[in-house]
Structure formats: C-alpha cells, structure tokens
1. Wholly within the range B:321-380, which helices (runs of 4 or more DSSP H) include no fewer than the required count, namely at least 2 residues that are touching a residue at least 12 places away in the same chain (Cβ under 8 Å) and under 22 Å from residue B:286 (Cα atoms)?
2. Taking the criterion of being under 30 Å from residue B:174 (Cα atoms), at the interface with another protein chain (Cβ under 8 Å from one of its Cβ atoms) and among the hydrophobic types (A, V, I, L, M, F, W, C), would at least one residue in the range A:63-74 satisfy it?
3. Suppose the filter is assigned to a helix (DSSP H, G or I) and either in contact with a His (Cβ under 7 Å, 6 or more places away or on another chain) or at the interface with chain B (Cβ under 9 Å from one of its Cβ atoms) (or both); does residue A:165 pass it?
4. Take the range B:240-296 and flag every residue that is part of a helix (DSSP H, G or I) and small (Gly, Ala, Ser).
5. If you go through the range B:266-287 one residue at a time, do you hit one that is within 12 Å of another protein chain (Cβ to nearest Cβ), under 21 Å from residue B:221 (Cβ atoms) and out of contact with any His (no Cβ under 7 Å at 6 or more places or on another chain)?
6. Here are some conditions: (1) modelled with pLDDT of 95 or more; (2) crowded, with 16+ Cβ neighbours inside 10 Å. Residue B:255 meets all but one. Which one does it not meet?
7. Condition first: part of a helix (DSSP H, G or I) and out of contact with any helix residue (DSSP H, G or I) (no Cβ under 8 Å at 6 or more places or on another chain). Can you find one or more residues in the range A:117-131 that meet it?
8. All but one of (1) more than 14 Å from chain A (Cβ to nearest Cβ); (2) within 22 Å of the chain's Cα centre (by Cα); (3) modelled with pLDDT of 95 or more hold for residue B:260; state the number of the condition that does not hold.
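The values are calculated or read from the model by the stated rules, or taken from the named source; none is laboratory data. Computed from a predicted structure; not experimentally measured. Here the Cβ positions follow ideal geometry from the backbone for every residue, glycine too, while neighbour counts run over all protein chains shown.
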Amino acid sequence: MSHYKIIFAGPVGAGKTTAVSAASDIPPVRTDTAASDEVRDIKPQTTVALDYGAMKLADGSTIHLYGTPGQPRFDFMWEILTEGGIALILLIDNARGDPLRELRFYLGAFSGFIRKTAVAIGVTHADQRSTPRLADYQAELDKAGFGCVPVFEVDARERRDVCLLIEAVLSVIDPVARA
Amino acid sequence: MNAQTTLRLCHSGMDSRSLYAFEIFLSRVDHRACQITDEEAADVAFIDIDSDLGTYLLEGHRLLYPARPLIVSAQAPKPLDDPLTVAVTKPVGLAAFSAALEQARRLLPATQPASAAAPAAVASAEPEAAPPAVAADTASRAEDIPDEMPIEALFDRNAGRRPANADPVVLLRQLEERLSTFYVGSMPDVDLDNPAAHAAIYYAPEHFLQGEIARALAHAREIRRPVRIDDGSGAALFLDPRSGLAYQARSTNALRALAQLPTRGTVTMGRVESRDAPVIGGLVSRPLEALEWDVALWASRGRLPRGTHLDHPVRLRCWPNLTRLAVPPEAMRIAGLWSKGGFSLRDTVHALGVPQRYVFAFYSACHALGLVEQVATPAALAAARMTRPGSDGTQPAPPMRGLFKRILGKLLGARLGEAATG
C-alpha cells in the first residue's frame with residue numbers, strides 16, 4: 001500500500017507535536033522526549049525524535065502525519081522524513097526569537113521538497129506577539145521566490161486550524177480536486 | 001398548485017442557523033409553493049421584524065421594492081398600514097405560513113405569474129439536485145415535524161440525524177452549501193456573455209455599509225482617532241485602526257441585515273468621544289479585518305465590485321487568514337487557483353465548476369482587504385490565454401487527485417465540526 005505523508009516542520013516550540021496530535025485520529029506517537037544522545041545511536045527508523053500521527057480516510061486508507069525534529073542537529077532526519085511526502089506544513093512561533101529568520105532557514109532547508117510539492121505556513125502564538133504580520137511572512141516568501149503561499153494564524157491545539165492548513169496546501173497543489 | 005405558480009421567496013433578518021431551520025421548515029410546505037431565491041428576483045419577501053433592525057429591514061425593503069408583497073413574522077404583530085404586508089405570529093406554524101403564502105400570492109400584480117416570469121432563476125436557485133439519500137433524509141426529518149413547531153426547535157430536534165446509508169461527504173457538502181447562503185447569498189448564475197445580464201453581477205461597495213466602513217477607517221487614520229458609525233438606532237460600530245479592533249454594538253444578524261442593503265443616507269460617521277467610553281467598555285472587540293471581510297461578503301451577496309473585469313487575470317497578493325475569517329464556500333480551491341496566477345474570474349468559474357456567486361463573493365471580500373488585484377498588462381493577458389482551462393475536459397487529472405478528494409472529504413468534516421467519515 002502507498003505510504004502518503006504530510007510533513008510538519010518548524011523550530012522547537014512552534015507547535016509541531018501539538019498540531020500532529022490535533023489532526024491525528026490515533027493517539028500520536030511522540031519521541032521528542034527520547035531524543036537523547038543514546039537514542040541517536042539507534043538505527044534511524046526506530047530512533048528518532050519525531051512525532052507520528054495518522055488520519056484515517058473513509059476508504060480505509062491512512063495519511064501519515066510526521067512532525068520533524070525541530071533541532072537543526074537532527075536535520076539529517078528531515079530528508080529521510082520528507083521522502084514520499086505530499087506536502088509540507090511549516091509552523092513558525094511568532095512570539096519567540098526572530099520568526100522571519102526562522103522562516104528563511106526552514107524554507108531553505110526544505111526548498112527542494114517544497115519545489116516538488118507545496119508548503120503552507122502556520123503562524124503560532126500570534127496572540128502573544130502581533131508582529132511580524134502575515135503580510136511580512138508573504139513578503140519573505142516573495143523574496144525567496146516561493147510566490148503566494150497560504151499563511152494562516154493557527155492555534156496548534158485546534159484541529160480545525162490544522163485541518164484548514166492541510167486543506168490549503170492541498171488546494172495549492174491541485175485546486176480542481178474537491179471533496 | 002403547479003410549477004407555474006411557484007413563488008420566489010427571499011428572506012431577511014435570519015442568521016445561518018435560523019436559515020437552515022427555515023429551509024427545513026420550507027421542505028414541509030409544498031415545495032412547489034415557494035422556493036428561496038435572491039432578493040432581486042423574488043416575488044415575495046419574508047422578514048423577521050423582531051431582530052434589532054427589523055423596522056429598518058421592513059422600511060428598506062419597501063423602499064427598494066414598493067410593489068412587493070411582504071410576509072413579516074413577529075412574536076406580537078402590530079396592526080399594519082401596508083396593504084401589501086401579511087403578518088404571521090411566531091412560532092410560525094405550517095398552516096399559518098402556507099396561508100400567508102397564499103395571501104401574498106393574491107397580492108401579486110395580475111401580470112406577474114410568479115416563477116413563470118423567470119423560470120431559469122428559480123431553477124438555478126437549487127444548483128445541484130439533491131442525491132436520493134439526501135432527499136430521503138430531508139423527507140424523513142420533515143415527517144417528524146409537528147405542524148406547529150417553532151423554527152428554532154426544528155433545528156435542534158433534527159440536527160445530526162441521517163439515514164445509515166447516506167454518504168457523509170455528500171451530506172457535509174449539502175450542509176456547507178446551505179450554510180453558504182449566509183455569506184454568499186443565492187444569486188443564480190447568469191450568462192456572462194450577455195452584457196444585459198451584467199447588471200445583476202455588479203454592486204457598488206461605496207453605497208453599502210462596506211463603503212461607509214472604508215471611509216470611516218480612512219478618516220480615523222487621518223485624524224488618528226477612533227470613529228463610530230451610527231445607524232437609525234444609535235451607535236452600531238466603533239472602529240479603532242490603531243489597535244486594529246472593531247467594537248460591535250449590534251448582533252451579527254442585525255449587522256448583516258444592515259450590510260446587505262444600500263445605506264441610502266441612513267448611516268452616519270462621527271468621532272469617538274470620551275462619553276462613548278462606557279459603551280465601548282461593555283462591548284466585545286474583534287479584529288477590524290474580520291469585520292471588513294464579513295461586511296464585504298454580505299454586501300456582495302455573490303456579486304462583484306463595479307469595475308471588476310471578468311477576463312483579466314486575478315493575482316492573489318496574499319492569502320486571507322482563513323483560520324480567523326469566515327470561510328466562504330470553495331474559498332480554498334479558489335485561492336489555490338489564484339495563487340498560481342493567470343486565471344480570470346470567468347476562467348475560475350469554469351475551471352472549478354462552482355457557482356459564480358462563490359467566486360465573485362470571495363473576490364469581493366479579498367478585494368475589500370486589498371489581497372487581490374487584476375493584472376491587465378499585455379503579457380499577463382497573453383499568459384492567461386495560455387493557461388485558460390480547456391472546455392473539453394481532456395486535461396488529465398493529476399495522479400493524486402483521488403487521494404486528495406478523500407483527504408478533503410475528511411477535512412471538510414473537520415471544518416464543519418463533524419466527522420466526515422462517521
């Protein structure tokens with residue numbers, strides 16, 4: 001059976017684990033806490049600091065939801081996880097550090113995958129800090145040559161918000177597809 | 001009664017929940033007796049005058065359509081001077097409503113045989129025939145409804161019931177379409193190649209509350225102070241561009257009613273003064289952007305701002321923040337198409353196979369927030385011709401479309417607050 005994946009990426013604390021949990025129909029598998037030095041010595045497919053969830057579709061098939069490790073030291077995992085992925089959800093914490101720099105970093109890190117598929121940006125914690133605004137994110141995306149990309153404020157705990165992000169990214173890939 | 005005398009009924013003053021219940025209610029009234037249509041095409045209007053703006057709605061409608069019979073509902077109807085108005089007492093029962101319809105029909109001018117005047121409009125008001133499972137569902141629910149049942153109770157009693165074999169995605173889509181009338185109205189498609197039909201698809205935002213708000217915000221930014229907008233009953237809105245917040249002194253339903261009709265001098269603007277502080281302190285705020293979005297959708301009702309070109313490519317500058325704004329029907333697919341560039345409004349309707357009002361309403365709301373523009377350079381027009389979707393349907397579907405359709409079915413359920421897969 002085909003292994004379809006949607007990838008959730010972004011810096012530590014942006015809400016990837018929460019978002020995967022919110023969208024998943026199964027209790028999510030969380031391995032973030034196990035991401036110690038010892039764990040890194042174990043083979044990748046069982047080790048890894050990642051989050052896993054799944055959406056069960058009406059026909060019995062499954063869409064796998066993977067949250068990538070946020071720490072750049074796990075960046076070797078990113079390429080492995082994106083293999084076979086159909087879309088990227090990039091979450092950025094608006095209240096911490098320099099969000100636009102984070103955006104640039106992750107766009108660069110996943111640029112190959114994004115060019116093959118599509119990306120939607122979820123801006124978290126915008127209620128805690130209102131700047132940068134969504135238009136500032138779009139300006140960065142324009143500068144980086146990604147064109148008009150869905151950029152939404154999200155509360156990663158809200159299933160509706162996460163599902164809207166997924167719906168948006170699929171609509172970019174194939175707007176004609178309809179439920 | 002036959003199809004020749006089907007009354008075209010528009011409504012005013014109902015929120016989405018009441019509208020949904022009202023449509024179920026109408027399913028118990030002989031479906032050939034009346035059909036919901038848009039305001040301009042209607043023979044008869046149904047107005048709930050107990051809302052905050054009931055009187056305004058009644059007067060506004062009479063001003064716009066002096067010869068149109070009206071059915072008004074109220075808890076305690078007062079004697080009416082207007083010979084063209086029929087009153088019904090709430091909760092409205094089937095017998096009373098049917099009698100009111102018949103009375104309204106008799107008030108129609110003899111030369112206006114209801115739906116016979118424009119059968120296409122009535123047919124288009126129901127863009128897709130309901131699948132058998134859905135029709136059966138509606139009928140079974142309707143059978144459960146006692147003759148004298150308040151509209152609110154109809155909704156609660158029957159929500160969530162469906163036959164076991166019904167396709168949940170079909171039901172969800174039907175629900176979305178019903179709820180969509182709250183934001184995009186029910187204007188039927190028109191022949192876009194017929195210039196005479198173009199009058200129906202354009203509106204002038206400056207003549208509506210949408211325009212009043214735009215002017216008020218511009219003024220507030222100029223004077224660097226919050227402003228208020230008053231309707232006939234006093235302060236309706238307080239707008240503060242510095243904080244990006246709006247304070248709404250009217251219910252959503254009343255504001256919608258105010259936004260749908262041309263203001264015609266009934267709305268005024270003024271500075272917020274210190275004496276307004278206690279009132280504002282008691283109001284809930286919301287982002288200005290969300291208010292502007294809603295008001296633009298309501299004013300548009302599936303139409304385009306005057307001056308919009310049907311064949312110039314649309315460029316989406318920035319996606320609307322659809323997790324925090326109302327999501328009009330098919331908004332994601334329309335935005336997805338426009339984010340690629342090169343598609344005109346006409347092409348969008350054609351490529352996505354959706355009612356014109358969905359595309360036009362979404363464009364109008366995006367336009368109000370400055371998120372879209374039309375590109376009319378020779379290069380853009382040439383590129384648009386290259387990307388124009390073929391009419392023969394020979395373009396192969398992308399390999400994952402089937403998968404996407406299934407995922408979108410799932411997500412539609414999440415969006416509407418239900419589990420799509422049951």
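1. Those helices (runs of 4 or more DSSP H) span B:356-368.
2. Checked the range A:63-74: at least one residue is under 30 Å from residue B:174 (Cα atoms), at the interface with another protein chain (Cβ under 8 Å from one of its Cβ atoms) and among the hydrophobic types (A, V, I, L, M, F, W, C).
3. yes
4. Of everything in the range B:240-296, those that are part of a helix (DSSP H, G or I) and small (Gly, Ala, Ser) turn out to be B:254, B:257, B:259, B:274, B:277, B:281, B:290, B:296.
5. yes
6. Result: residue B:255 fails condition (1) only.
7. No - not one qualifying residue is present in the range A:117-131.
8. (3)
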